[in-house]
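One structure is given here, and the rest of the page talks about it.
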Amino acid sequence: MQTQEQQYVRVADIVGDRKASPPKPAILPVSASCWWNWVKTGRAPQPIRLGRTSVWRKADVLAMIEAAAR
């Protein structure tokens, strides 16, 4: 079993995907374009590139949410 430091999430995991079967719940209630704007402006962590895919460490995303809640 992977710990949160070892887990990676993609944009669809962060913002959710209602069209998936079964639907994926969102970690954050924002759109994909909003998420990418946050990444561009530094509000969200920079992605890790795996080939052509962008992923984020789940722990980094959760830490960002925790810091914003303070």
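Bear in mind that the values in this text are calculations on the coordinates, not laboratory data. Computed from a prediction, not measured in an experiment: that's the story for all the values here. Here the Cβ is made from the backbone with ideal geometry for all residues, glycine too, and neighbour counts use every protein chain on show.
Taken over region 3-62, the alpha-carbon convex hull comes to 96 cubic angstrom per residue. Apply 1/(1 + (r/R0)^6) to the Cβ-Cβ distance of ALA68 and LYS19, taking R0 = 25 Å, and write down the FRET efficiency to the nearest 0.05. For ALA68 and LYS19, the calculated efficiency is 0.40. Counting only Cβ charges, +1 for Lys and Arg and -1 for Asp and Glu, the dipole size of the chain around its Cα centre is about 240 debye. Summarising the amide proton neighbourhood of ASP17: residues at separation of 5 or more, or on other chains, whose placed amide H is nearer than 5 Å comprise LYS24.
Placing unit charges on each Cβ (+1 for Lys and Arg, -1 for Asp and Glu) gives the chain a dipole about its Cα centre, and among ALA26, THR3, MET64 the Cα reaching farthest toward its positive end belongs to ALA26. Dividing the helix sum by the residues of the chain, where each DSSP H run of 4 or more adds -39500 (n - 2.57), gives a mean residue ellipticity at 222 nm of -11000 deg cm²/dmol. Between SER33 and ILE48, the modelled label-to-label distance comes to 3.0 nm, taking each label 7 Å out from Cα in the direction of the beta carbon. Of LYS19, LYS40, LYS58, the residue with the greatest mean-square motion in the GNM of the chain, using alpha carbon springs below 10 Å, is LYS19.
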